[in-house]
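The values are calculated or read from the model by the stated rules, or taken from the named source; none is laboratory data. All figures in this text were calculated on a predicted structure; none of them were measured in a lab. With ideal geometry, Cβ positions are generated from the backbone for all residues, glycine too; neighbour counts draw on all protein chains shown. The area values use the complete protein model at the heavy-atom level, side chains included, leaving out ligands, DNA and RNA. Shrake-Rupley method; radii C 1.70, N 1.55, O 1.52, S 1.80 Å.
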There are 2 protein chains.
Amino acid sequence: MNALPPVLETELAELLGDAWRTDPAERLTYAYDNSRREALPDAVALPTDAAQVLALVRTCRRHRVPVVARGRGTNTTGAAVPVAGGVAVSFERMNRILQIRPGDRCAVVEPGVLNGDLQAALRAHGLFWPPDPTSAGYCTIGGNLACNAGGPRAVKYGASRDNVLALTAVSGGGELIRCGSATTKGSTGYDLQRLLVGSEGTLALIVEATLRLVPLPPERRAVRAIYRDVASAAQAVARLMAQPVTPSMLEFMDHHAVRLARDVGGARLPADAGALLMIEADGDADTLPAALAALIRAAGGDGLVSLDAAEDETARAALWAARKALSPALRTLAPGKINEDVVVPVSRIPDLVEGVQRLADEFALPIVCFGHAGNGNLHVNLMYDPADDDQRARAQAAMARVFALAVALGGTLSGEHGIGLAKREFMPQAIDAPTLALMRAIKAQFDPDGILNPGKLLPP
Amino acid sequence: MNALPPVLETELAELLGDAWRTDPAERLTYAYDNSRREALPDAVALPTDAAQVLALVRTCRRHRVPVVARGRGTNTTGAAVPVAGGVAVSFERMNRILQIRPGDRCAVVEPGVLNGDLQAALRAHGLFWPPDPTSAGYCTIGGNLACNAGGPRAVKYGASRDNVLALTAVSGGGELIRCGSATTKGSTGYDLQRLLVGSEGTLALIVEATLRLVPLPPERRAVRAIYRDVASAAQAVARLMAQPVTPSMLEFMDHHAVRLARDVGGARLPADAGALLMIEADGDADTLPAALAALIRAAGGDGLVSLDAAEDETARAALWAARKALSPALRTLAPGKINEDVVVPVSRIPDLVEGVQRLADEFALPIVCFGHAGNGNLHVNLMYDPADDDQRARAQAAMARVFALAVALGGTLSGEHGIGLAKREFMPQAIDAPTLALMRAIKAQFDPDGILNPGKLLPP
């Protein structure tokens, strides 16, 4: 049973053949994302080329049927959940790497290519695409672009938006648009490709992406710096970001995260560890020692408890063990977790962590902060029991205050996860009314009938 | 005499006091830009704060009077020329550096700050803002943002759009909008700040910019590599861009440019020099030697005639002498010059230079190519006598073919100068109709009555 007009079903079944699915069991697979929200689409389309996507959007527009683009559903915001029903468009069959052009430092891909598969193909050419979300092995380039995915490497190499040169997309109006060119500079009209990045499928469906590539540094070295307290670690972050050698990763763990990794996760960390930084440099054998020395100098200073440098990949893995031990250890605090990725100016990290701890006390719920310190992009993990109505309500109320805090500190709601369903009600806190009105007006130009991913990103 | 409604004149004279100018001699100062086009504005406004800009735009909108934002008029496209009359808004009095925040690697500035003044202020903090157009000493940040200015450093550090975090602007609708935040990552709604960069004052007037800063490398070293021919130099460019050490500058001169610099400019260059690369690395004393060695390795190869490394700043200046000798020498070829800044994928540089030489032969006019090779962003200088009608017509026809060539090679019309008046008729060659239609639709949302810089960027 579904709510689609029969004539649309007939047209799309004919267009797509076996790539058109209406069986409820199959639709269920495309009903959720990693936000654990769920809503059944009325049908699923698995297009194989841009022409099918174009025909599909035109047909859906004619019938005012929602179209929800989908990578592999690893996002945490509900952005891929078809809350208004309609057609879920999964790009799993548009997964070809069309070109790798080392001399131009770019690759042309379909949106369904997995991030990890692209990186593997690029490795042979000594290149990589910077975005490296934790889910890299099983998330898609299209999904990365939709939410402007980042990851630890973004501190040196930028996030998705910083690493896209050109996009071909199908607008909600049913037009094929080509934005940008395969060049690293451009001043030819309005920059629509960066506008599409982070728009979560609400403006257009990306059918081809030309990505900016970066030469792969042959080596990397990790340093783990342990500090007495969060303030000392945050000051070290500011020092690290103010000197010329930009770290290739700069990850932060607050005192709760450190304690969890040590006491629950079994990581070998000293008892007086109040905060931790994982710092990496990359380069070649000629440049790496000097780069690492510069980072170690900047990491030093008041409040540093210990500093360990890894001499090889095995030692590096051992240092990262504390960070890896963290996620499983979190679950011992409570069965439920709200993980939001607010971002603040780097200098405000201490205020954010301190403010979050005040909220943890006020709402009597554990909150653990860790994440991409070099970008001021912290993952705030609010732990609660979803079966407990009172805890659930407190968790929601506390998270609303976390967002307000990030905005008050000159930051914003999301650094790399996006808005989706999870944060759209908070958008008016972060973005003032005239600017939001312009965003709505732009949405209406790309998608005049509002069929693309309705209910996401922009507040009701 | 001017065409403004008397009631608007009264309102704006009252709002702006001595910052409202209608004297013809004063207006003349704001009539032109470096494109040598000229059109008299009906009045000139010199606002001192955002509130004045807001009131001015609202008043002009009510009377449907054009508003043309202006930095210092150094742009080459006519983008600052008020071809439809109206009010020229010069930001020369909004020239304050509001904040320099080293820990956050950002600065907050008014649009009228000179690029060179900002760099001087940042130097004390060991920071810089990457865009470095030739006119840096006397062009404004607002102007840089309006045309997405780049410069030689863009190859490593990006152009204006890559180095803006947040903008406050007054839309053509007369609303104050705030886009982005002072953070290096963000995924909170549509990216309007990067959309405004390069929009040449057709969407909104920027009244405040939060700029991304980069730590200033303490040292730099230059290498001059001379090649037998353009193809060898272009292959070296591809090799240089494919290895991990990105040069901080990578400038190219074709054989005409080399010959001019040598025979007319007096630069010491060998007789068999067929093309030249100026290559720079930056860093500190620890990392620079290895970086330079990597670049020298990549510069080597088939066709290399000679390679000179500068050991100090004096030697560096001597190597750059050939490049500096070029611009004055160009004028000996012909009194008139059309300088366009097409961009192509790096691997297509040889095809561009070769194609341009075919056009030079076909149209019997000298064309000299040089520029930012690492971005594929070449300045194509077409020399002619403007007093000769036939030459002028041939120059225009040849330049149209240069644009067509750049687009055919997968590039586009402009890398860093923008479109303005000069290239807008070529926009349909570079951007297809549905995409152009969306650009127009977006323009209409920001500027419903079309008062902002009418006649620029978008084709008629």
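Things worth noting here:
- Taking the range A:131-221 and the helices (runs of 4 or more DSSP H) fully enclosed by it, the elements with 1 or more residues that are more than 10 Å from chain B (Cβ to nearest Cβ), within 25 Å of A:Leu452 (Cα to Cα) and touching a residue at least 60 places away in the same chain (Cβ under 8 Å) are at A:141-147.
- Selection of the range A:237-251 for residues being surrounded by 24 or more Cβ atoms within 10 Å (Cβ to Cβ) and either within 9 Å of chain B (Cβ to nearest Cβ) or at pLDDT below 95 (or both) yields A:Val237, A:Leu240, A:Met241, A:Val245.
- With a requirement of 3 or more residues that are open to solvent by less than 60 Å² (accessible area, probe 1.4 Å) and touching a Cys at 6+ places or on another chain (Cβ under 9 Å), the helices (runs of 4 or more DSSP H) lying completely within the range A:291-369 that satisfy it span A:349-363.
- Test: B:Asn34 is polar (S, T, N, Q), more than 22 Å from B:Glu175 (Cβ to Cβ) and open to solvent by 60 Å² or more (accessible area, probe 1.4 Å): yes
- Here the condition is being open to solvent by less than 10 Å² (accessible area, probe 1.4 Å), touching a strand residue (DSSP E or B) at 6+ places or on another chain (Cβ under 9 Å), small (Gly, Ala, Ser) and under 19 Å from B:Leu413 (Cβ atoms); of A:Ser187, A:Ser181, it holds for A:Ser187 alone.
- Residue check, A:Ser347 within 18 Å of A:Asp254 (Cβ to Cβ), within 14 Å of another protein chain (Cβ to nearest Cβ) and in contact (Cβ under 8 Å) with a residue 24 or more places away in the chain: yes
- Residue check, B:Asp447 modelled with pLDDT of 95 or more and either under 14 Å from A:Ser187 (Cα atoms) or within 13 Å of another protein chain (Cβ to nearest Cβ) (or both): yes
- Residue count for the range B:274-299, restricted to those that are over 14 Å from B:Pro247 (Cβ atoms) and more than 9 Å from chain A (Cβ to nearest Cβ): 3.
- Qualifying residue in the range B:414-431 (condition: acidic (Asp, Glu), more than 9 Å from chain A (Cβ to nearest Cβ), in contact (Cβ under 8 Å) with a residue 60 or more places away in the chain and not in a helix (DSSP H, G or I)): no
- For the range B:271-280, the condition of being buried (at least 22 other Cβ atoms within 10 Å of the Cβ) and in contact with a Leu (Cβ under 6 Å, 6 or more places away or on another chain) holds for at least one residue.
- Boolean, B:His379 is open to solvent by 10 Å² or more (accessible area, probe 1.4 Å), in a strand (DSSP E or B) and either modelled with pLDDT of 95 or more or not assigned by TED's automatic domain parsing to the domain that holds B:Leu145 (or both): yes
- Scanning the range B:125-171 for residues that are open to solvent by less than 10 Å² (accessible area, probe 1.4 Å) and on the phi > 0 side of the Ramachandran plot turns up B:Asn148, B:Gly151.
- Residue in the range B:383-394 that is closer than 20 Å to B:Val264 by Cα, in a strand (DSSP E or B) and in contact (Cβ under 8 Å) with a residue 24 or more places away in the chain present: yes
- Residue check, B:Leu326 of a type in the set (A, V, I, L, M), modelled with pLDDT of 90 or more and touching a strand residue (DSSP E or B) at 6+ places or on another chain (Cβ under 8 Å): no
- Scanning the range B:225-236 for residues that are surrounded by 23 or more Cβ atoms within 10 Å (Cβ to Cβ) and out of contact with any Pro (no Cβ under 9 Å at 6 or more places or on another chain) returns B:Ala225, B:Tyr227, B:Ala236.
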